[in-house]
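Chemist: Can you keep this structure in mind? I'll have questions shortly.
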Amino acid sequence: MEFGTIEREIFVEASPEVVFEVVSSPSHLQQWWPDQAHYEVVPGSTGDIVFGQHGNDAAVVAFTVVEVRPPRTFSFRWTHPADEPAVAGNSLFVTFDLTPSGSGTLLKMTESGFREMGWDVALLEQQYNDHVTGWDFYLPRLVSYVATAKVQR
Amino acid sequence: MVDLLLADGGGTATTLSDQLPVTRQAVAKHLAVLDRVALVRVTPIGREKRYRVDEAQLARAVTQLTAVGSAWDARLQRIKRIAESIQQTKKH
């Protein structure tokens, strides 16, 4: 592993077509990462992802689609200055690689650019997790609340 | 390269390229990147520059990367959950 790159692999019990849709479409992205996602799933499309809901508190982060090869590869750059084209050196680069495996899909994620961008960008990455951490906190509560509500009927 | 700098307690582009299968020029370029993100400290010796790893900065960088890694673990778990529930719905 090159120092400055994050690599993860996870097995998903779903077809590559389904997994591709979940990792690439803005409506699904909003379910597992930012609050809002605005871009087209075509190479070169520029847009943004938004963390937080309330006007001034919301962080709008530039997002540029790099590669779209369904159902194998989806990659994008993010965190570049909104008025600059996304290139190596001014952005973090995320790639999803999908490989059919048995009855499911092996999903590999790589994020690089930390060494070139400087380490402070990693701090930003952490900030953008707030929304996500919130869901991790609230979702189990919501589930147990629904379960309790059913019992009470 | 960071490993070599840590093991030797520092080095120059020349001493490092002697131990690596790359040119002195490539090493110097890589060192410049490490310098820009403050992972190394530079001391000029004559016409060469001596580099050593800033261990506090390195530790900080590793901590931050680890945190980003855990964030991705959580994101991927959610991707898995969403995709698997869509797949289940399709079967029925």
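The values are calculated or read from the model by the stated rules, or taken from the named source; none is laboratory data. Here the structure is a predicted model, which is why all the values come from computation and not from measurement. All Cβ positions, even for glycine, are placed from backbone atoms using ideal geometry, and neighbour counts span all protein chains on display. Note: accessible area is taken over every heavy atom of the protein model, side chains too, but ligands, DNA and RNA are not part of it. Shrake-Rupley method; radii C 1.70, N 1.55, O 1.52, S 1.80 Å.
Chemist: Using a simple spin-label model with points 7 Å from Cα along the Cα→Cβ vector, what separation in nm is obtained for A:Arg8 and B:Arg24?
Modeler: Taking the simple label geometry, A:Arg8 and B:Arg24 are separated by 4.4 nm.
Chemist: Next question, about the same structure. What figure, in Å² to the nearest 10, do you get for the accessible area of B:Met1 with a 1.4 Å probe and non-protein molecules left out?
Modeler: About 50 Å², rounded to the nearest 10.
Chemist: Report, to one decimal in Å, the Kirkwood hydrodynamic radius for region A:1-89 based on all distinct Cα pairs. Could the numbers behind the result be given before it?
Modeler: Working: mean 1/r = 0.0698 Å⁻¹.
Result for region A:1-89 stands at 14.3 Å.
Chemist: Would you give the gap between the C-alpha center of region A:9-46 and the C-alpha center of region B:1-75, rounded to a whole Å?
Modeler: Answer, in whole Å: 35.
Chemist: Tell me the net charge near A:Asp48. Cut-off is 14 Å between Cβ atoms, A:Asp48 excluded, with +1 for each Lys or Arg and -1 for each Asp or Glu. It would help to have the intermediate numbers written out before the result.
Modeler: Details: positive: A:Arg77; negative: A:Asp35, A:Glu40, A:Asp83, A:Glu84.
Charge balance near A:Asp48 sits at -3.
Chemist: If you bin every alpha carbon distance in chain B into 5 Å steps from zero, what whole percent lands in each bin?
Modeler: 3, 12, 17, 16, 10, 8, 7, 6, 6, 5, 5, 3, 1, 1, 0
Chemist: Now for a different question. For B:62-70, what's the mean count of beta carbons from other chains sitting within 10 Å of each residue's beta carbon? Working shown, then result.
Modeler: Details: counts 3, 2, 9, 10, 2, 5, 12, 6, 2.
Mean partner shielding for this stretch: 6.
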